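The structure under discussion appears below in the form of structure tokens.
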Amino acid sequence: MTQPMPHSTNAIPKHSRNTPAPQRQPQISTIGARAFLLEAPGDFDLPAQRRIWALAQALRQWDDLGEIVPGMTNLLAIFKTTPEDPDAVTARLREAWERAESIDIRGKTIEIGVIYGGEHATDLAALCDHTGLTDREIVRLHHEGTYTVFALGSAPGFGYLHGLDPRIHMPRKTVPSLKMARGCVTIGGMQTGVAVLTGPNGWNSIGFADHQMFDPKAAVPAIMAPGDTVRFLPERIEL
Amino acid sequence: MSRVNFGDPAVIASLAAALEAAGVDGIEIEQDARKVRIVIERGILGAVPQVDASQHSSAATHAISVAAPTAGLFCSAHPASVAPPLELPREVVPGEMLGFIRVGPILLPVKASGTGILMRSLAGDGSLVGYGEPLFEIEPCP
Amino acid sequence: MIEILNTGPLNTIQDIGRPGYRDIGVTASGAMDPMALKIANLLVGNDEGAAAIEVQTFPFRLRFSGATAFAVTGGGRAALDGVSLPPWWSQTAGAGQVLELLPSPASARAYIAFAGGLDVPLVLGSRSTSLRGAFGGIDGRSLTNEDILQLGEPARTVFAADGLGVVPPATALSALFPVAADGTLLVRALPAGEHDLFGADAERFWSQSWKISAQSDRTGYRLSGEPVRPTAPVEMRSYGIVPGVVQVPPGGEPIVQMSDANTAGGYPKIAGVLEADLWRLGQARVGSRLRFVRSSHAEARTLDRAIAAYVDDISNTSQMVARALKTMAGR
């Protein structure tokens, strides 16, 4: 069997990270006795996430699972009771992963108006320092992107967005902001998103979006869903 | 506590269930001039408790006795308590908790029935007692 | 109806939680000591997952507007109209009676259940308060003085007239839930995904005793001690988490996520506490010490079964005793 060659269209070298060399097998670990985390091998990209979506769909048929939480190229499977044989669970998950084929969720497109810069863009200067780009350049790269909702998590309705230009990747802060406002448009590592709660936040804020992302009383509480496309429209740029 | 009719199968059934829950095989209960013995036959599905009742005479006392609210194991203190047991004799007031009856994981209070001096504990800590069995004697205050 | 007379901050309405919505970012919330919540409910004839009050700041006082069967479990020292109640106790209060809870040295949180359960609207399948999400309970907020709480229809109407309690789990199950001789809580856990990236520090994670810092709440416990760090920085992709996950932020002092934790995280995780030990962690007080003990799935199953048997025994025996008392009282 021929291995597909990894292709890359961007010439910017990746930051070196403390991760093992790409491998074909997923990594499976536990959190407590009932939750099993499967991490897809390879890059943080859409093909890997599509396979996670396929795995999530397959696992919904398992009666012994209480909850399935797709993450970023990973999936947490929470069992209703403690499995008797963890190795057997690992083998079942591996098998399900092998069988999982890519699915393409044709989601809706969500357009979010953003005020870039201004009082909420508390980390824009740090991003300039880190990337060597001007603030105007960072804003342009951010709003020109087309993003895919990979998964929801962390806070109600918060969507982890994939598709951030590698030139504006920036690690999470070591000291989180204690009271970042709901609506801050943020960058965390290779991901971007819009804060849905006011509170401590380790991501880097570059702007603000006044967009209701979650209503617990609605029939569909979260605006975003995995597979949706998100575009940021600059309403104002305050630099 | 009102009178209990030991001729009533429902009463015997509840007591038998309580005994089973407490993990005991049988019990003798004295009530004035009557005595009831309930034996749980284990291993027999739907076992019917064996009961005999007979006449029995008991000595009258002046003290108020505090009776067990149900059959079970007598605890002189709450099982989670680390405090040393209180010395006797001592004054008690109505409703004061003097100990507990344990049925499996469940605890029922044994409460003082009147004001007076708590003179004697009649049941050993951890011993099996029957419904209505006297557990304490209280000398009424003059 | 119940009136809150006096409450500190952060006392909330909680039930067994709202699992099932982590995939849209909604925390399960729910009682920090689910066993105490279940037992309080069983003692008043409710479904074990009904909504109750979780008290974590004291003193706490409430008044009953009518005859109401209630139960207090977990921590706290309870008194009804000034008369002390034994721990883990249920009783029927009369109209106008006042229930007061003071802190207890051993346990952090008390649960007060009422026959019929607290009647607040269900949000995403649960009545639990989510303070972060600002929904559930009463408008997503903590209880305040003068709050009036409505009760549901009691499922059972017969209760032991003189009250009824249980042998607390710390006593009944003491052999299975040990505490070190110096009082350190022993918390069983399994190594998690990044455990081995901590190299030699991983052993120090297990061997030292950690202090629960003052920056600890229903969201998570920050532990203080000798920092542990991975041998090289780890940048993680965000992954789903559950209460009990022990993550290590760059500072090296672990955080144990609890009932109100985020549904996803990005810090490397060194261990995961067994679900069967979470109730004890939920009762651990700020300033107390704990040590993680390496466990196994086999041990986890033994503990799960012991907890289930204890709760079942309480459910069955309490109903049976109440029936027996009724039979005897009726003669």
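Can you tell me the relative contact order of segment A:87-173? Whole percent, Cα pairs under 8 Å, sequence separation 6 or more. Don't skip to the answer; put the middle values down first.
Numbers: 46 pairs, mean separation 17.2, N = 87.
Rounded, it is 20 percent for segment A:87-173.
Sort A:55-64, A:191-200 by packing, meaning the average of other beta carbons within 10 Å per residue, with the highest value first. Can you show the working numbers first?
Working: A:55-64: 14.2, A:191-200: 21.5.
Per-residue Cβ counts within 10 Å, averaged per peptide and sorted highest first, yield A:191-200, A:55-64.
Report, in deg cm²/dmol and to the nearest 500, the calculated mean residue ellipticity at 222 nm for the protein assembly as shown, where each DSSP H run with n ≥ 4 adds -39500 (n - 2.57) and the sum is divided by the residue count. List each step's numbers first, then the result.
Numbers: 10 runs with 118 residues, N = 712.
Calculated at 222 nm, the ellipticity per residue is -5000 deg cm²/dmol.
Rank-order C:144-156, A:227-239 by packing density, defined as the average count of other C-beta atoms within 10 Å over each peptide's residues, highest first.
Values: C:144-156: 13.3, A:227-239: 16.1.
Ranked from most to least packed, the peptides come out as A:227-239, C:144-156.
Between A:E98, A:E144, A:E84, which gets the highest mean-square fluctuation from a Gaussian network model of chain A, Cα cutoff 10 Å?
With Cα springs under 10 Å in chain A, the top fluctuation among A:E98, A:E144, A:E84 is at A:E84.
Report the extension gain between A:D104 and A:Q61 in nm, rounded to one decimal, defined as 0.36 nm multiplied by the number of residues separating them, less their alpha carbon distance.
Numbers: separation 43, 0.36 × 43 = 15.48 nm, distance 1.92 nm.
Stretched fully, the A:D104-A:Q61 segment lengthens by 13.6 nm.
Quick one: order A:F214, B:F100, C:F114 by neighbouring beta-carbon count within 10 Å, fewest to most. Walk me through the numbers before you get to the answer.
Details: A:F214 22, B:F100 25, C:F114 28.
Ranked by crowding around the Cβ, least crowded first: A:F214, B:F100, C:F114.
If you stretched the chain out fully between C:R156 and C:D182, how much longer would it get, using 0.36 nm times the residue separation minus the C-alpha to C-alpha distance?
Values: separation 26, 0.36 × 26 = 9.36 nm, distance 4.33 nm.
The span from C:R156 to C:D182 would gain 5.0 nm if fully extended.
Helix A:86-99 sits at what angle to the longest principal axis of chain A, using alpha carbons and giving 0 to 90 degrees rounded to 10?
Approximately 70 degrees, to the nearest ten.
Structure shown: which of A:K108/C:K269; A:K80/C:K326; A:K179/C:K269 lie over 30 Å apart, alpha-carbon to alpha-carbon?
The pairs that break the limit, which is 30 Å between Cα atoms, are A:K108/C:K269; A:K80/C:K326.
Please list, ordered by chain and number, the residues whose modelled amide H lies under 5 Å from the amide H of A:M224; skip anything fewer than 5 residues away on the same chain.
Long-range HN contacts for A:M224: none found.
Above 26 angstrom, tally the Cα pairs of segment A:109-238 and express them as a % of all pairs, no decimals. Show your work: numbers first, answer last.
Working: 1066 of 8385 pairs.
Taking all Cα-Cα pairs of segment A:109-238, the fraction more than 26 Å apart is 13 percent.
Considering chain C as a Gaussian network with a 10 Å cut-off on Cα pairs, which listed residue, C:E54, C:E100, C:E235, attains the greatest mean-square fluctuation?
Most flexible of the set in this elastic network: C:E235.
Express the C-alpha Rg of chain A as a ratio against the empirical globular expectation 2.2 N^0.38 Å, rounded to two decimals. All intermediate terms of the calculation are to be shown ahead of the outcome.
Details: Rg = 18.9 Å, N = 239, 2.2 N^0.38 = 17.6 Å.
Normalised Rg, Cα atoms only: 1.07.
Between segment C:106-138 and segment A:162-184, what is the C-alpha centre distance in whole Å?
Here the two parts' Cα centres lie 33 Å apart.
A:D45 to A:T198: extension gain in nm, 0.36 nm per residue of separation minus the Cα-Cα distance? Display every interim value, and only then the final one.
Working: separation 153, 0.36 × 153 = 55.08 nm, distance 2.91 nm.
Difference between extended and current length: 52.2 nm.
In percent, what relative contact order does chain A have, based on Cα pairs under 8 Å that are 6 or more apart in sequence? Before the final figure, lay out each step's value.
Values: 472 pairs, mean separation 48.6, N = 239.
Here the relative contact order equals 20 percent.
Using amide H atoms built in the peptide plane, which far-off residues or other-chain residues are under 5 Å from C:L5 H to H?
C:R61, C:L62, C:R63, C:E146
Determine how many Å³ per residue the convex hull of the Cα atoms of chain C encloses.
Values: hull volume 42.5 nm³, N = 331.
Taking only Cα atoms, chain C has a hull volume of 128 Å³ per residue.
Specify the residue with the greatest mean-square fluctuation among C:L118, C:L85, C:L37, computed from a Gaussian network of chain C linking alpha-carbon atoms under 10 Å apart.
C:L85
State, as an integer percentage, the relative contact order of segment A:27-99 based on alpha-carbon contacts under 8 Å between residues 6 or more apart.
Working: 96 pairs, mean separation 23.7, N = 73.
Once normalised by length, the contact order is 32 percent.
Values in this text are rule-based calculations from the coordinates and carry no lab data. The model shown is predicted, which means the values in this text are computed figures rather than measured ones. Positions of Cβ are generated from backbone atoms using ideal geometry, with glycine treated the same way; all protein chains shown enter the neighbour counts.
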